[in-house]
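One structure below.
No value in this document is a laboratory result; all are computed from the given coordinates. What you are looking at is a predicted structure, and each value in this text was computed from that prediction instead of being measured. As a convention, Cβ positions derive from the backbone with ideal geometry for all residues, glycine included, and neighbour counts pool all protein chains shown.
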Amino acid sequence: MKRRNLLASAAMGLMLASGAFAQGMDKVKACFVYVGPIGDGGWTFQHHDGAMQVQAAYGDKVEIQYQENVPEGADAERVLTQMALGGCNIIFTTSFGYMDPTNAVAAKFPDVKFEHATGFKRDHANVSTYNARFYEGRAVQGHIAGKMTKSNKIGYIASFPIPEVIMGINSYYLHAKKANPAVELSVVWAFTWFDPAKEADAAKALIDQGVDVIAAHTDSTAPLAEAAKTEGVIGFGQASDMAEYKDGPRVSSIIDNWGPYYVKRVGALLDGTYEQIDAWEGIAGGEVLIGEITDKVPADVKAEAEALRDAIAAGTYHPFTGPINKQDGSAWLAEGATAPDGDLLGMNFFVEGIVGDIPQ
Amino acid sequence: MDLGGINPVILIATLMASAVPILLAALGETVVERAGVLNLGVEGMMVIGALGGFIVAVQTGSPVMGFIGGAVAGAVLSLIFAALTQVFLANQVATGLALTLFGLGVSSLGGQGYNGIKPPPTGQLLPDVLADLPVVGPILFGHDWVVYFSILMTAVLWWVLKSTRIGLIIRAVGESHEAAHALGYKVNRIRLMCIAFGGAMAGMGGAYVSLARVPQWVDGITAGAGWIALAIVVFASWKPWRVLIGAYLFGGITVLQLNLQVAGSIIPVEYLSMAPYLITILVLVIMSAGRKGKVNGAPAALGQNFHASR
């Protein structure tokens with residue numbers, strides 16, 4: 001009985017979906033899968049903000065559904081299947097770890113569109129990927145970090161050893177080094193996207209070791225809250241502006257601005273122009289915003305950071321411009337060469353000067 | 001004073017603070033389990049305590065009131081468990097798991113609007129003169145009052161369970177509820193009070209996370225600390241001082257692995273992350289090997305409901 005119902009609804013879902021794509025749709029059900037809670041104040045909060053922008057842009061023509069705290073792995077596949085069966089026309093999976101589940105479920109539902117954030121696998125025609133060039137923002141942060149540190153020790157709370165995170169670390173380090181040749185970078189791997197207590201502990205470990213500028217690649221505001229306890233330690237907002245720490249340690253931030261992309265993609269589905277793409281916009285495209293640089297940063301450093309931001313936006317400067325060597329001393333980019341996207345998306349090495357190994 | 005780039009004094013001082021939430025929760029659960037009740041809802045009670053404490057502290061501006069609020073919130077939630085298992089005789093394992101899920105959900109709902117607010121700070125208790133002493137300063141005198149409270153509670157519970165009449169009654173109820181009943185003790189009422197006490201301790205531990213350790217509110221802030229607290233109770237074979245050791249061990253390894261990374265250690269972090277759990281298994285194996293038949297000193301009536309008609 002149960003199975004029959006399931007099959008029937010699956011068939012119906014397919015039928016409903018299949019008629020729709022060639023000529024656009026009257027109404028789109030857009031679904032979002034979140035890795036953390038919306039209340040994280042960072043990564044998931046920004047994705048949900050993007051979803052709300054879609055709702056605001058199309059009103060009645062779009063129905064939003066979302067699920068929070070979906071673990072990366074087998075559970076994700078169940079959630080995705082359920083969403084596809086539940087009539088979702090387009091499903092945004094908003095974390096790297098959903099890559100394989102997204103492609104697996106996409107194979108079973110060829111008429112549902114899947115959009116996977118920060119991944120690189122597009123095994124089926126209905127899977128698109130989208131990402132933002134966060135490393136551009138990291139370059140600006142790195143510059144500020146290099147100029148602002150007094151102990152010449154800067155820290156980075158990393159989540160998982162994936163290209164996305166590694167390229168952020170490299171970009172951060174390269175620009176800190178450029179601003180201050182004496183700078184040393186400590187990287188702590190938290191192996192979580194969201195665990196406020198652990199993130200706070202990681203920040204504390206860094207501060208205990210003399211680090212006075214902390215960047216985080218995890219989702220909560222806990223590292224900033226920890227930094228606020230020690231005088232003279234500064235940090236950055238990650239994924240969201242985290243403006244509530246403006247009068248504390250937060251001196252700037254990287255803001256993920258997914259709204260325009262979500263609005264564009266759902267709009268394309270509505271008017272029938274939807275195509276599979278691999279989107280990777282940065283500061284220029286408005287997906288990465290640099291949050292206000294506060295008065296704690298001296299005016300000249302602020303001006304330099306903003307000039308760097310503007311040069312990246314204008315396309316006159318690429319954060320990975322040679323000569324750059326890999327950590328083991330072998331050459332990566334020659335003088336004046338810029339990193340091809342393929343190298344960045346598969347990045348699995350630190351650049352020369354960073355101490356420590358990437359966990360395998 | 002550095003060992004491989006890590007200052008052991010700061011490390012010990014940090015681990016004492018980071019172990020407080022699991023220590024408080026595990027102490028509470030120890031009493032609950034000694035009374036023969038298995039409450040797997042520690043995580044739920046902690047997260048409710050974290051939220052309750054946070055809200056009270058923000059509203060009143062007093063962190064002490066916050067901790068009391070956290071304890072009350074945890075105790076109130078645990079009373080749901082007590083009502084279900086002691087009055088309606090529901091299965092304790094299932095009810096405890098449900099309590100965790102319920103607590104996480106309710107706290108997420110109740111916490112709407114509290115994101116990004118900063119609670120009043122829980123400061124260092126003793127004056128800087130003492131805390132600035134070399135070596136002993138940071139370890140013995142540099143903490144907030146909750147750290148001292150947690151150690152004090154360990155001593156008090158050890159004494160109460162071991163040498164007082166109340167402790168004897170609690171243990172009697174946990175070892176053989178029929179015998180305790182025959183002696184005229186109100187088994188379910190005693191258990192209910194133990195459950196409320198355990199809830200208050202877990203709530204306070206949760207409040208420490210949201211008020212002192214992280215200080216802020218985000219959904220799911222306790223992130224599994226309650227489960228570790230449950231493991232520690234077994235690890236400690238239901239004895240308060242061993243709970244303290246277990247909590248410091250677990251807290252210490254967490255802090256140590258992060259510090260080792262910063263110091264550029266060559267030991268892969270995965271091994272250190274596994275270590276506390278491996279040690280738990282090892283301790284369990286060693287302890288159960290020692291005594292045949294009886295598993296490492298668990299209360300005999302653990303997890304069994306009691307009704308006077310039987």
*By how many degrees, between 0 and 90 and to the nearest 10, does the Cα long axis of helix A:259-271 differ from the longest principal axis of chain A?*
20 degrees
*Using alpha-carbon positions, what is the distance between the centroids of the range A:288-339 and the range A:26-92, in Å?*
33 Å
*Stokes-Einstein D for chain B, Kirkwood Rh over Cα pairs, 25 °C, 0.890 mPa s (µm²/s)*: 123 µm²/s
_Bins of 5 Å from zero: percent of alpha-carbon pairs in the range B:212-286_ = 3, 14, 21, 21, 18, 15, 6, 1, 0
*Compute the Cα gyration tensor for the range A:240-360, then decide on rounded, prolate or oblate, letting a ≥ b ≥ c be the square roots of its eigenvalues: rounded whenever a/c is under 1.5, prolate when a/b is larger than b/c in the other cases, and oblate in all that remain.*
oblate
*Could you state the angle between the C-alpha long axis of helix B:165-175 and the longest principal axis of the C-alpha atoms of chain B, as a value from 0 to 90 degrees rounded to the nearest 10?*
70 degrees
*Under the definition of Cα pairs under 8 Å and six or more residues apart, what whole-number percent is the relative contact order of chain B?*
36 percent
*Please give the length that would be gained between B:THR60 and B:ASP128 if that part of the chain were fully extended, namely 0.36 nm times their separation in residues minus their C-alpha to C-alpha distance (nm, one decimal).*
21.8 nm
*Hey, what does the equivalent ellipsoid look like for the range B:177-247, semi-axes from the Cα gyration tensor as sqrt of 5 times each eigenvalue, largest first, whole Å?*
30, 16, 9
_How would A:HIS47, B:HIS181 line up from fewest to most surrounding beta-carbon atoms within 10 angstrom?_
B:HIS181, A:HIS47
*What is the ratio of the Cα radius of gyration of the range B:162-310 to 2.2 N^0.38 Å, where N is its residue count, to two decimals?*
1.29
*Enumerate the whole-percent occupancy of each 5 Å bin, from 0 to the last occupied one, for all C-alpha pair distances of the range A:111-248.*
2, 11, 19, 21, 20, 11, 6, 4, 3, 2, 0, 0
_Most to least packed among A:59-65, A:271-277, A:284-290, A:255-261 [average Cβ atoms within 10 Å]_ = A:255-261, A:284-290, A:59-65, A:271-277
_Listed residues B:ALA212, B:ALA90, B:ALA225, most fluctuating in chain B (Gaussian network, C-alpha, under 10 Å)_ = B:ALA90
*Binned Cα-Cα distances of the protein assembly as shown, short to long, each 20 Å bin given as a whole percent*: 18, 46, 30, 6, 0
*Which number do you get for Rg(Cα) / (2.2 N^0.38 Å) in chain A?*
1.03
*Other chains near A:183-189: what is the mean number of their Cβ atoms within 10 Å of each residue's Cβ?*
3
*Euclidean distance between Cα centres, the range B:243-283 to the range A:95-153, Å*: 31 Å
_What is the distance in Å between the Cα centroid of the range B:85-105 and that of the range B:6-34?_
26 Å
*asked:* I'd like the mean, over residues of A:228-240, of how many other protein chain beta carbons sit within 10 Å of each residue's own Cβ.
replied: 1
*Take the Cβ-Cβ distance between A:LYS61 and A:LYS264 as r, set R0 to 22 Å, and report the resulting FRET efficiency rounded to the nearest 0.05.*
0.90
_Report the gain in length on full extension from A:LEU289 to A:ASP341: 0.36 nm times residue separation, minus Cα-Cα distance, nm rounded to one decimal._
16.7 nm
*Expressed as an acute angle from 0 to 90° and rounded to the nearest 10, what is the orientation of the C-alpha long axis of helix A:163-179 relative to the principal long axis of chain A?*
30 degrees
*Pick from A:ASP343, A:ASP212, A:ASP100: which is most flexible by mean-square fluctuation in a GNM of chain A where alpha carbon atoms under 10 Å apart are linked?*
A:ASP343
*Might you report the magnitude of the Cβ-based charge dipole of the range B:8-290 about its Cα centre, with Lys and Arg at +1 and Asp and Glu at -1, to the nearest 20 debye?*
640 debye
*Indicate, rounded to the nearest 5 percent, the antiparallel portion of the DSSP beta bridges found entirely in the protein assembly as shown.*
20 percent
*Would you mind giving the mean number of other chain beta-carbons within 10 Å of the Cβ of each residue in B:11-19, as a whole number?*
2
